[in-house]
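Chemist: The structure under discussion is supplied below as structure tokens; questions concerning it will follow.
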Amino acid sequence: MFERIVLVGAGQAAAQAVDTLRRRGFAGKLTLIGEEPGPPYQRPPLSKKYLAGALEPERLLIRPAAFYADHAVETHFGRRATDIAPRERHVRLDDGVVVPFDALLLATGSRPRRLPIPGTDLAGVHYLRTAAEADRIRADCTRGGRLLIVGGGYIGLEVAATARELGMEVAVLEMAERVMNRVTCPQVSAFYAAEHARHGVRIHCNERVAALHGDSRSGRVKRVITEAGTEFAVDVVVIGVGVVPADELAKAAGLNCENGVVTEAHCRTSHEAIYAAGDCASHLNRQYGRHLRLESVDNAFEQGTTVALNLLGNDTLHDKLPWFWSDQYDLKLVIVGVAQGYDTVVLRGAPAERSFSACYLRRGELIAIDSVNSPRDQMAARKLIAAHARPDLGKLADPGVALKDAV
């Protein structure tokens, strides 16, 4: 049994691991290390309610601030882990403090992918990953202001929807041929592009940004120039071109890393006493038979629980089916499963009715579903995907047939 457990990274995965450990009776020393100045908080609202000013900072917290002291968790908030010594089993912090461990959880998350072009250091240019960054974006969002978003993925489109509700003029530049290109089929992309256009968002696909230009006196961004030479006048720019795993500590410590910290099905890394969970972890996914790195709150929650149970000596595999969600305007998109490698898409319902599903199949097997304002479909799909179901395509396409009856 471990006596000293250290968690590096103070997000959803670490918070869940701490909670599970204490609830399940772990009485040893727990140490939580996080770069941000406060305790773990939720990130999904940052592009939605929190950015809109409709959610107070305290309501972001995963657990009340007093939770950690109340449960005898030693915290080092506002501190960065600079290196891990696996053989000596300790973590060194940027203030020189050395924290010993018997077992270690790496839950370092991910960080925004940087755009390698001139002008990204100008005032008014933002990335969105932390509450502090959301605060700065909100301060720049004034009614009638001109916001340009680089990147038409979840974050970019969620920010676009929020900014429109705040009364801003919004344009989105996407380098691919359609929005949400990496995660949804063309039909779902087209539906969301049309919805944003209906709300006044101007979406420009097949556009790459070449440079950002600013005002020489104020130092603020004023223009965005594309590689095609198109020029956009702006007041604010938000860059959302994906994230990369924060796995530098793991690499420097000699752990196996490939698109994140590689783990087996118990969330254990290549070192027997070190685990990884959340956005930084590339785990062996039993549903799809390969390693996946998932950027999902639910995945971080489940992996944090799995790690805690294994640290307590309860042999536990991480085998939960992944799911994701995105709120834009009054639309809730829920994605269950991973659609990569699909060869067939079957639509249930009509996008024009603003309630439909896109079912993804590979060689006849249902592997994922996108549901838009269709909770029944996504709930039924969880069981069917987990069971490797092979539905009848005619029944699958008929919204009058319950999804659970399509097999």
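Chemist: Could you give me the residue pairs with C-beta distances under 8 Å whose first residue belongs to segment 174-202 and is assigned by TED's automatic domain parsing to the domain that holds Leu147, whose second residue is among the acidic types (Asp, Glu) and surrounded by 19 or more Cβ atoms within 10 Å (Cβ to Cβ) wherever it lies, and which are 6+ apart or on separate chains?
Modeler: From residues that are assigned by TED's automatic domain parsing to the domain that holds Leu147, the pairs are Glu174/Glu207; Met175/Glu207; Asn181/Glu174; Thr184/Asp370; Cys185/Asp370; Val188/Asp370.
Chemist: While we're looking at this one, here's another question. Please go through segment 387-407 and pick out each residue that is surrounded by 15 or more Cβ atoms within 10 Å (Cβ to Cβ) and in a helix (DSSP H, G or I).
Modeler: Listed by number, the residues that qualify are Lys395, Leu396, Leu403, Lys404.
Chemist: Take Gly260 and decide whether it is surrounded by 18 or more Cβ atoms within 10 Å (Cβ to Cβ), in contact with a Cys (Cβ under 7 Å, 6 or more places away or on another chain) and on the phi > 0 side of the Ramachandran plot. Can you show your working first?
Modeler: Numbers: surrounded by 18 or more Cβ atoms within 10 Å (Cβ to Cβ): yes; in contact with a Cys (Cβ under 7 Å, 6 or more places away or on another chain): yes; on the phi > 0 side of the Ramachandran plot: yes.
Taking the combined requirement at face value, the residue satisfies it.
Chemist: Applying the selection to segment 297-352, what residues are charged (D, E, K, R) and in a helix (DSSP H, G or I)?
Modeler: At the first step, the residues of segment 297-352 found to be charged (D, E, K, R) are 298, 302, 315, 319-320, 327, 330, 332, 343, 348.
Passing the criteria: Asp298, Glu302.
Chemist: Which of the numbered conditions does Arg164 fail, given that it passes all the others? Conditions: (1) touching a residue at least 24 places away in the same chain (Cβ under 8 Å); (2) under 22 Å from Asn206 (Cβ atoms).
Modeler: The failed condition is (2).
Chemist: State whether one or more residues within segment 251-261 are in contact with a helix residue (DSSP H, G or I) (Cβ under 8 Å, 6 or more places away or on another chain), closer than 30 Å to Met168 by Cβ and at pLDDT 95 or above. Before the answer, list the steps.
Modeler: Taking segment 251-261 as the starting set, the residues that turn out to be in contact with a helix residue (DSSP H, G or I) (Cβ under 8 Å, 6 or more places away or on another chain) are 257, 260-261.
Add one more test, that the residue is closer than 30 Å to Met168 by Cβ, and what stays is none.
No - not one qualifying residue is present in segment 251-261.
Chemist: Of all residues being part of a loop (DSSP other than H, G, I, E, B), small (Gly, Ala, Ser) and modelled with pLDDT of 95 or more in segment 266-296, which is farthest from Leu312 (Cα to Cα)? Just the residue, please.
Modeler: Ser270
Chemist: Now a separate question. Got a number for residues in segment 1-39 being outside any helix (DSSP H, G or I) and in contact (Cβ under 8 Å) with a residue 24 or more places away in the chain?
Modeler: Within segment 1-39, the subset outside any helix (DSSP H, G or I) is 1-11, 24-39.
Still in the list and also in contact (Cβ under 8 Å) with a residue 24 or more places away in the chain: 1-11, 24-26, 28-39.
Qualifying residue count, segment 1-39: 26.
The values are calculated or read from the model by the stated rules, or taken from the named source; none is laboratory data. Just so it is clear, the structure is predicted and the values come from calculations on it, not from any experiment. We place every Cβ from the backbone using ideal geometry, glycine too, and count neighbours over all the protein chains shown.
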